[in-house]
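Contents: one structure, followed by commentary.
The values are calculated or read from the model by the stated rules, or taken from the named source; none is laboratory data. What you are looking at is a predicted structure, and each value in this text was computed from that prediction instead of being measured. Backbone-built Cβ (ideal geometry, glycine too); neighbour counts: all protein chains shown. Just the protein is used for accessible areas: all its heavy atoms, side chains included, with ligands, DNA and RNA removed. Shrake-Rupley method; radii C 1.70, N 1.55, O 1.52, S 1.80 Å.
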Amino acid sequence: MTRAPISLPGRLIIVDYGEVISLSQSAVDRETIADLAGVSGAGEPPFWRAYFAHRDGLDLGSAGVAAYWQAIAADIGASWDDARVHELWAADFRSWLSINPGTVEVLADLKAGGTRLALLSNAGPDYGSYFRHGPLGDFFAACYVSGELNLLKPHQEIYRHVLDDQRVGATDAVFIDNKESNVRGAQALGMAGHVFTGPPGLREFLTSLSQ
């Protein structure tokens, strides 16, 4: 693959984090979390159902980290003390930190082309500092975290917030996400959208916009 700067003058590229920039949780990550929860083996499926069922509350900022893990414990009949909740939080947080090198290369090429970027993630507010002050923060004009805004994709209010804050019209913005429902939410406002399936497809889509 030949890399080159991707220049999209006047456009704002808004990029999701989870499973676009980040990799999915690895099998080792999930095993570590399940072990800490005490649900390895046959107890795992109910745990993971509860893990995802309560995620919107965490990502919306309506429930804190402790409340999130307590809700999971209540669903599966577990009991975790404060120290174990912290361990679960830390293992879960780490499980989403691995990044997709191919996506980061695309971000670097957009930056090299002078294209403006913003990050928009459904995530708890605890990820805000990582996004802004870790190496990824250098790519983005701003990072928007659902748990800080008390807004959630695919609701249109969160997209409007980003557009208004960046002073960009919908037709001058492009939204990238791995979930089709989130992309459709952005497209309903008039933004161009791309459902992420991998870095090659993302690069091809963005390059087509520059032609």
Measure nothing fancy, just the Cα-based angle from helix 27-37's long axis to the longest principal axis of the chain, in degrees from 0 to 90, nearest 10.
-> 40 degrees
Cα-based Rg of the stretch 1-58 normalised by 2.2 N^0.38 Å, two decimals = 1.77
Ranked by how many other beta carbons lie within 10 Å on average, peptides 14-26, 81-93 from highest | 14-26, 81-93
Highest mean first, what order results for 147-158, 111-122 on Cβ atoms within 10 Å?
-> 111-122, 147-158
Which whole number in µm²/s is D for the stretch 42-178 by Stokes-Einstein, with the Kirkwood Rh taken over Cα pairs at 37 °C and 0.692 mPa s?
-> 197 µm²/s
Rounded to the nearest 10 degrees, the helix 44-53 long axis (Cα) sits at an angle to the longest Cα principal axis of the chain of 50 degrees
Accessible surface of the stretch 97-211 [probe 1.4 Å, protein heavy atoms]: carbon and sulfur percent = 49 percent
Give, as ranges by residue number, the residues of the stretch 101-127 whose backbone N falls under 20 Å from the point 7 Å along Cα→Cβ of A90.
-> 124-127
Roughly speaking, what is the stretch gain from L189 to S62, that is 0.36 nm per residue apart minus the C-alpha to C-alpha distance, in nm to one decimal?
-> 43.2 nm
How far apart, in nm, are two points set 7 Å out from the Cα along the Cα-to-Cβ line at E19 and at E148?
-> 2.4 nm
Where both residues lie in the chain, what percent of DSSP beta bridges are antiparallel, nearest 5?
-> 5 percent
Contact order normalised by residue count of the chain, Cα under 8 Å, 6+ apart, percent = 30 percent
With the contact rule set at Cα under 8 Å and sequence spacing of 6 or more, what percent relative contact order holds for the stretch 102-211?
-> 21 percent
